[in-house]
Each structure stands twice: as structure tokens, then as C-alpha cells.
1. Given the condition at pLDDT 95 or above, closer than 28 Å to ALA212 by Cβ and more than 15 Å from the chain's Cα centre (by Cα), answer yes or no: does some residue in segment 85-95 qualify?
2. Among the residues of segment 121-163, which ones are more than 17 Å from VAL51 (Cα to Cα) and acidic (Asp, Glu)?
3. Given the criteria under 14 Å from PHE69 (Cα atoms), among the acidic types (Asp, Glu) and free of Cβ contacts under 8 Å to residues at least 40 places away in the same chain, does GLU205 qualify?
4. Do we find a residue being over 14 Å from the mean Cα position of the chain (by Cα), of a type in the set (Lys, Arg) and over 28 Å from GLU96 (Cα atoms) anywhere in segment 167-178?
5. Residues to consider are ALA81, ALA121, ALA89, ALA135; find the one that is farther than 18 Å from MET188 by Cβ and of a type in the set (Gly, Ala, Ser).
6. If we keep just the residues of segment 13-32 that are exposed (fewer than 14 other Cβ atoms within 10 Å of the Cβ) and either among the basic types (Lys, Arg) or assigned to a helix (DSSP H, G or I) (or both), which is farthest from the chain's Cα centre (by Cα)?
7. Are any residues in segment 40-72 touching a residue at least 12 places away in the same chain (Cβ under 8 Å), outside any strand (DSSP E or B) and closer than 29 Å to ILE118 by Cα, and if so, which ones?
8. Can you tell me which of (1) closer than 29 Å to ALA43 by Cα; (2) in contact with a strand residue (DSSP E or B) (Cβ under 7 Å, 6 or more places away or on another chain) is the one LEU178 doesn't meet?
Amino acid sequence: MELIDNIPVALSVEQVLALLHLDSDGSYAGDVQELVSQAQAVARPKAICDVRYIEQRGENNVDIGGVWFTSRVLRINLGKAERVFPYVATCGTEVEDIDVPSDDIMGKFVLDTIKQMILGAALKSVREHIDKKHAPGQMSAMNPGSLEDWQISEQKQLFSLFGDVESLIGVRLTDSFLMLPLKSVSGMYFPTEISFVSCQLCPRERCSGRRACYDEELKKKYLAPSKNT
């Protein structure tokens, strides 16, 4: 297992303003500058990742490192893979302590955007670490809860691959399997010849995090019964 906690963070006021569609000379520019400065001073994103090997395959589940995961889509995606790279990444608990008044809706929105940028730095470091250490070639990723086929409750199994994740990087699961801090992501990278994005199988139209168009035919291909998966 690898702990990644020396992650560079370079926050840009201009980038935050652009993401929020705010003018640099607008009434919120000063508030954005202040929150960026506070976050830059304390931000410490973290991540853990590992390499695990596929031990057994069922029809709709797969044994990864002695832990069974139930998802037909995951099972198909790992059809030819021998190893996967589970990870948990977070913006860190430090930025959670930045105080924004409860009635400052815009301030909370700005800080939420900044946290997402910090999480992005952590995810980039995970990908770079895997590429450098394991050289897997082209990879795709899946995340518990991103599709109905892979339930969010399987966060528990994924976390079990690492042991005490909270003591390692400060991320804990709630009773409903959400992660705290909220700007945290868990999942698995896997080598693939054809790029896969979970968004391709999700019909939800209004989603700010969409990274690929919904593909109904692809969804049928993944979820239809198969003789030899």
C-alpha cells in the first residue's frame, strides 16, 4: 500500500472565478480571493492506493485480493485484467476547518469549488503514481455508487482493502456509506484497451459531473445476460 500525502496544490483565483462564471472585478471577487488564500495555506490533500490481483471471477462478481465485489459492469471490465489499483483520495480534513458563516450561501459554494480543485490534485497524483510505479498503460476507473449496478454499500469492501482508512488519510464512512470529508473519492483503476467511463451507462441528464455521453446501446451490452463473460 502507498500513502501519497506530499501533493502539490496550486490554487488560482482566476480559475475559481472562471469555474463559477464570476467576473474578476465583480462583487464576489474579494471573497474568492480570501477563501483561496485560506485554502492554499492549509490544504493538504491525501490519497492511498495499492495494487491487488484478481483471484476469482463469478458471473456478476469478482474476488479482488480476497474481497468479493458484486457488479456485472465491473466484472466485465475486468474480464481480461490480472490486476487492479484500488484507491481513496481526499481534499483532506484541513480545509474542512475553514469557517464560512452558515448563511453565506455563496461563500459555501466557492469553498466547495475550491475543495473540488484540491481533490482533483489528489486524483492526479494517484494516477501519476500508478503510471510511474506500475506502468499499466491505458486505464479506466470505476467507483462504488457511480452506477446502480455497483452499489455504494461496496465502499465498505473497498475500504477493507486498506484497513483503517481514517487513521491513514482522515476519510471515514458514514452509516449510509458516504465519505467524510465529502470531497473524497474511492474507486479502482484497471488496465483497459477501450476507455470506459461510468457516465456512458447513466441516463441522468442533469449532472454537473458528467464526463461522457449516455450510450444506451453500450448499457444494453453490459447489462444483458452473457454466455461467456
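The values are calculated or read from the model by the stated rules, or taken from the named source; none is laboratory data. In this text the structure is predicted, and so the values were computed from the model without any measurement. Don't worry about glycine lacking a Cβ; one is built from the backbone with ideal geometry, like all the others, and counts go over all protein chains shown.
1. Within segment 85-95 (the criterion being at pLDDT 95 or above, closer than 28 Å to ALA212 by Cβ and more than 15 Å from the chain's Cα centre (by Cα)), the answer is no, since none of the residues qualifies.
2. Within segment 121-163, GLU148, ASP149, GLU154 qualify.
3. Details: under 14 Å from PHE69 (Cα atoms): no; among the acidic types (Asp, Glu): yes; free of Cβ contacts under 8 Å to residues at least 40 places away in the same chain: yes.
The answer is no for GLU205.
4. no
5. Values: ALA81 fails: farther than 18 Å from MET188 by Cβ; ALA89 fails: farther than 18 Å from MET188 by Cβ; ALA135 fails: farther than 18 Å from MET188 by Cβ.
Exactly one of ALA81, ALA121, ALA89, ALA135 is farther than 18 Å from MET188 by Cβ and of a type in the set (Gly, Ala, Ser), namely ALA121.
6. Looking at the filtered set, the residue picked out is GLY30.
7. Matches in segment 40-72: GLN40, VAL42, ALA43, ARG44, PRO45, ASP50, VAL51.
8. The number of the failed condition is (2).
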